[in-house]
1. Just one of A180, A121, A126 is among the hydrophobic types (A, V, I, L, M, F, W, C), within 23 Å of H22 (Cβ to Cβ) and more than 16 Å from ligand 2 (Cβ to nearest atom); which is it?
2. Can you name the number of the only condition in (1) assigned to a loop (DSSP other than H, G, I, E, B); (2) within 15 Å of ligand 2 (Cβ to nearest atom); (3) among the polar types (S, T, N, Q) that Q109 fails?
3. Evaluate the following for A188: is it modelled with pLDDT under 95, surrounded by 13 or more Cβ atoms within 10 Å (Cβ to Cβ) and assigned to a helix (DSSP H, G or I)?
4. Run Y138 past the list (1) assigned to a helix (DSSP H, G or I); (2) at pLDDT 95 or above and report the number of the one that doesn't hold.
5. Check segment 66-89 and report whether any residue there is more than 30 Å from N161 (Cβ to Cβ) and within 16 Å of ligand 1 (Cβ to nearest atom).
6. Take residues that are over 18 Å from the mean Cα position of the chain (by Cα) and either exposed (fewer than 15 other Cβ atoms within 10 Å of the Cβ) or not basic (K, R) (or both) and tell me which of the helices (runs of 4 or more DSSP H) falling wholly in segment 12-103 contain 1 or more.
7. Hey, can you tell me all the residues within segment 102-115 that are away from ligand 1 (no atom under 14 Å from the Cβ) and within 15 Å of T52 (Cβ to Cβ)?
8. Restricting attention to segment 120-164, report how many residues are of a type in the set (G, A, S) and within 11 Å of ligand 1 (Cβ to nearest atom).
Amino acid sequence: MDALTQIAQLAKQQSAHDHSGHDFQHIRRVVANAQQLLAAYPQVDAFTVLATAYLHDYYDEKLVADPAAVKAALSEKLQHTVGLKVAQIQPIFFVIDHMSFAKNIDNHQSLDLAGKIVQDADRLDALGAVGIFRAIRYGATHNNPDYDPAILPRQELTAANYRQPSTVVNHFYEKLFKLAETMNTPAAQQIARQRTVFMHQFLAEYFHEIGAQPPVTG
Ligand code: ADP
Ligand code: NI
């Protein structure tokens, strides 16, 4: 079995029990997005990009109780089961440690091109029809309401308030509608803009059906 297939299996095992929108289907979509974005960058090492895409949520602090221990165990497996060198693992872990939305709210982390591609691939999966499913799933998992006219979208997300409860509808205004402009690569930005148009249509229909006005933001 080649290294990438073994890494895919590790990712599959680790994500098998997730119900918060980070299951293996999410991982596969991020890998597919990364593969698509890679087409424009033949100079970038595809193995590093795809391995990082497979492993990007493996030891995430929102998904595991002890991220440092899970990261150390993963490093062991990558060295001794998959046969990677420490020098191959380091750039993968650097990107994983710096790419998340939460890590980039208060200060912008600079990533190399491989990292930028994986970050775009992950962010694309928060948008469009898939993104709507994931936002609803996240809200349900965290017992957040779909919508509450008394809770206004926050103007500014910070690392401190990002994980505070809000509504699913507010999440579109607070984060999702702003994501397209944060894409690193032109191809991802184009896809993100299309998906954003669809999300606007979805919420317009929602507010039309419930006879309410969308929140005024700006
Ligand atoms: P990352 O993908 O960088 O790890 P998150 O963990 O914040 O970022 O997001 C994972 C998924 O959960 C995304 O699809 C995101 O839109 C969704 N999500 C995060 N926070 C909320 C929220 N407060 N309400 C609804 N969906 C959310
Ligand atoms: Ni992810």
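1. Answer to the selection: A180.
2. Against the list (1) assigned to a loop (DSSP other than H, G, I, E, B); (2) within 15 Å of ligand 2 (Cβ to nearest atom); (3) among the polar types (S, T, N, Q), Q109 comes up short only on (2).
3. no
4. Answer for Y138: the failing condition is (2).
5. Checked against the condition, which is being more than 30 Å from N161 (Cβ to Cβ) and within 16 Å of ligand 1 (Cβ to nearest atom), segment 66-89 yields no hits at all.
6. 46-55, 67-80, 86-98
7. Listed by number, the residues that qualify are D112, L113, A114.
8. The qualifying residues number 7.
The values are calculated or read from the model by the stated rules, or taken from the named source; none is laboratory data. For clarity, every value in this text was computed on a predicted model and none was experimentally measured. Every residue, glycine as well, gets a Cβ built from its backbone with ideal geometry; the counts of neighbours run over all protein chains shown.
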